[in-house]
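The values are calculated or read from the model by the stated rules, or taken from the named source; none is laboratory data. Remember, it's a predicted structure, so these values are computed and weren't measured experimentally. Quick reminder, even Gly has a Cβ in these numbers, built from the backbone with ideal geometry, and neighbours come from all protein chains shown.
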Amino acid sequence: MLIVQLHQLIFSGVHGIHAEEKKTTNQFEVDLEVYFEEMNKPYLELEDTVDYCILYQIIRNRMSHPSGLLEQICVELADHIRKEFPFVKEVLISIKKLNPPIENFVGTVGTTLRKRFD
């Protein structure tokens, strides 16, 4: 199994269900791993693998649209990646809200989706 990874991608956005989250931009960190079967030939062409530039564009585009829940963003990203790269077997996506508006809270909050495709 091969894995293409994008880690510690930082985006600004307005994601959340609470009133204060809909008013202020927050920072989000996205980690992505895309798994696919190894080929029995050399990797010589970009078409033989998952193009991380396309993955970045998919993530960037989705993160620019507000969403109530990070879980929904994860599901939509996984489905879009699979549509773009039908040979992908599994996607692991984590999204962290870097500055959650929780009083006296220090840390991050987030969600992770591991989606396997048949």
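Filter the range 83-114 down to residues that are among the β-branched types (Val, Ile, Thr) and under 20 Å from Arg62 (Cα atoms) and give me whichever is surrounded by the most Cβ atoms within 10 Å (Cβ to Cβ). Don't jump to the end; show me each part of the working.
Going residue by residue through the range 83-114, those that are among the β-branched types (Val, Ile, Thr) are 88, 91, 93, 95, 102, 106, 108-109, 111-112.
Now drop any that are not under 20 Å from Arg62 (Cα atoms), which leaves 88, 91, 93, 95, 109, 111-112.
On the way: Val88: 20, Val91: 24, Ile93: 24, Ile95: 27, Val109: 14, Thr111: 15, Thr112: 13.
Residue satisfying both the conditions and the ranking: Ile95.
Determine which member of the set Thr112, Thr49 is within 17 Å of Met1 (Cα to Cα) and among the polar types (S, T, N, Q).
Working: Thr112 fails: within 17 Å of Met1 (Cα to Cα).
Only one candidate passes the filter, namely Thr49.
Give the residue, chosen from Gln72, Gln57, that is within 13 Å of Leu9 (Cβ to Cβ) and of a type outside the set (A, V, I, L, M). Reasoning before the result, please.
Numbers: Gln72 fails: within 13 Å of Leu9 (Cβ to Cβ).
The match here is Gln57.
Select from the range 90-107 the residues that are free of Cβ contacts under 8 Å to residues at least 60 places away in the same chain and either farther than 17 Å from Asp79 by Cβ or touching a Gly at 6+ places or on another chain (Cβ under 6 Å) (or both) and list them in ascending order.
Once the filter is applied, which keeps residues that are free of Cβ contacts under 8 Å to residues at least 60 places away in the same chain and either farther than 17 Å from Asp79 by Cβ or touching a Gly at 6+ places or on another chain (Cβ under 6 Å) (or both), the range 90-107 yields Ile102, Glu103, Asn104, Phe105, Val106, Gly107.
Are there strands (runs of 3 or more DSSP E) fully within the range 3-118 with at least 2 residues that are acidic (Asp, Glu)? List them. Give the steps one after another, and end with the answer.
Details: elements: 26-36, 88-97, 109-116.
In the range 3-118, the matching strands (runs of 3 or more DSSP E) lie at 26-36.
In the range 33-82, what residues are more than 25 Å from Lys97 (Cα to Cα), surrounded by 13 or more Cβ atoms within 10 Å (Cβ to Cβ) and not acidic (Asp, Glu)?
Hits for the range 33-82 are Phe36, Thr49, Val50.
Can you find even one residue in the range 33-42 that is within 19 Å of Glu84 (Cβ to Cβ) and among the charged types (D, E, K, R)?
The initial filter retains those residues of the range 33-42 that are within 19 Å of Glu84 (Cβ to Cβ), namely 33-37, 39.
Checking the rest, the ones that are also among the charged types (D, E, K, R) come to 33, 37.
Within the range 33-42, one or more residues are within 19 Å of Glu84 (Cβ to Cβ) and among the charged types (D, E, K, R).
Of a type in the set (Ser, Thr, Tyr) and more than 18 Å from Val109 (Cβ to Cβ), is that true of Thr49?
Working: of a type in the set (Ser, Thr, Tyr): yes; more than 18 Å from Val109 (Cβ to Cβ): yes.
Against the criterion (of a type in the set (Ser, Thr, Tyr) and more than 18 Å from Val109 (Cβ to Cβ)), Thr49 qualifies.
For Glu103, which of the numbered conditions (1) modelled with pLDDT under 95; (2) under 20 Å from Gln5 (Cα atoms); (3) not β-branched (Val, Ile, Thr) fails to hold?
Against the list (1) modelled with pLDDT under 95; (2) under 20 Å from Gln5 (Cα atoms); (3) not β-branched (Val, Ile, Thr), Glu103 comes up short only on (2).
Check Gly16 against each of (1) in contact (Cβ under 8 Å) with a residue 24 or more places away in the chain; (2) over 10 Å from the mean Cα position of the chain (by Cα); (3) on the phi < 0 side of the Ramachandran plot and name the one condition it does not meet.
Every listed condition holds for Gly16 apart from (3).
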